[in-house]
Every structure is written in C-alpha cells, then in structure tokens.
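Asks: Here it is: the structure, laid out below.
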Amino acid sequence: MAQSIDYYDVPDAPAANSLVPSVNVVVANDAGDILMIRGSDGHNWVLPGGTIDLGESLWQAAVRRTREETGIECAITRLVGTYTDPRHVTLFPADGETRQEFSIVLAAHALGGRLTEGSDGFRWVPRDHVDGYSMDRATRFRIGHYLAGAAQPYIG
C-alpha cells in the first residue's frame, strides 16, 4: 500500500493533478462486523479497496481488492454511495501525484477466506465499536452511510 496523505478542505493542500476512479468495500460477516484494515500510515483504519484496473468491472475490482488485501472472498450486495468531493485530495509523496477524490463505495457480505493469522493489520470490528477506531474523515463518513442503511445511495 503506497504512503499517502489525505487533505479535506485544507486551503494550502496541494492542487489535484489527477482523477483516478477507485472502489472501497464495506464487508460485513454473518455477525454484522465490518472488515477493517490498518492504513499505510500505521495509525488509521480503512476499508479494503483501491483503483479499478483496465478491463475489469467495478464489482470485479471490489472483490479482487478485498481478496488481495485481506484474504476474504465476498459478494457485493449494494451501492453505498459515490464520493467525488473536489475539496478532498490525496497526495502520494513518492511521485507527487495528487488525486481528487473519486470513490465508489459498495457493501458486501463475506463468503469465506481467512484473515492472515496473527496479523494486527486486519480486524473484524463490531458495528457498535466502529466509533472507537481511529480513521480519516472520508472513511468515517462512508461507514456512517453504510451503517445508516439508507434506501438510496449517497451521491456526492
């Protein structure tokens, strides 16, 4: 996972120089717990996901990213929302790329697979404990929409 720095509504944030569609996945197990990953900063918790490769669909990217990052197989169940706020940019210091937010968030149900044994990098988080985890504003916002269970997806 590449190191990145998120900025939201920060006046001196670097200007976006790219727009890359990505997908994030809120994966729930049979108990309703949410699959979280320790972010590249080593502090915040994030959702599985990433960029969509050429030649794959949105749902294929979501399933692939979840499997590659966590070992969990999942089935997509619904659209949580689309997130395209130009005030949210992500800087990748290694190459200077600064992406404007463009993320589609899907909900999924875990079908099987196994998290890496003994790893502190992955965790099933009970729904009522999510607020106790450190995460960036965007992740908390997206999980909030998932937990609200609105009949219509968020469009923003």
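The values are calculated or read from the model by the stated rules, or taken from the named source; none is laboratory data. Predicted, not measured: the structure shown is a model, and the values here were computed from it. All Cβ positions, even for glycine, are placed from backbone atoms using ideal geometry, and neighbour counts span all protein chains on display.
Asks: Among the listed residues VAL46, VAL26, which satisfies the condition of being buried (at least 19 other Cβ atoms within 10 Å of the Cβ), closer than 16 Å to ARG99 by Cβ, of a type outside the set (D, E, K, R) and out of contact with any His (no Cβ under 6 Å at 6 or more places or on another chain)?
Replies: Checking each option against the conditions leaves just VAL46.
Asks: Another question, if that's okay. Pick out the one residue from LEU111, LEU106, LEU147 that is of a type in the set (A, V, I, L, M) and touching a residue at least 60 places away in the same chain (Cβ under 8 Å).
Replies: One residue alone meets the criteria, LEU106.
Asks: Taking the stated definitions as given, is ASN17 crowded, with 20+ Cβ neighbours inside 10 Å, touching a residue at least 12 places away in the same chain (Cβ under 8 Å) and either of a type outside the set (A, V, I, L, M, F, W, C) or over 21 Å from HIS109 (Cβ atoms) (or both)?
Replies: When the stated conditions are applied, ASN17 does not pass them.
Asks: Looking only at the range 62-76, decide whether some residue is under 24 Å from GLN100 (Cβ atoms), among the hydrophobic types (A, V, I, L, M, F, W, C) and more than 12 Å from the chain's Cα centre (by Cα).
Replies: Within the range 62-76, none of the residues are under 24 Å from GLN100 (Cβ atoms), among the hydrophobic types (A, V, I, L, M, F, W, C) and more than 12 Å from the chain's Cα centre (by Cα).
Asks: If you don't mind, another one. Consider the range 32-44. How many of its residues are touching a helix residue (DSSP H, G or I) at 6+ places or on another chain (Cβ under 9 Å) and either assigned to a loop (DSSP other than H, G, I, E, B) or modelled with pLDDT of 95 or more (or both)?
Replies: 7
Asks: Test of understanding: among ALA110, ALA138, ALA62, ALA75, which residue is modelled with pLDDT of 95 or more, within 21 Å of GLN3 (Cα to Cα) and of a type in the set (A, V, I, L, M)?
Replies: ALA62
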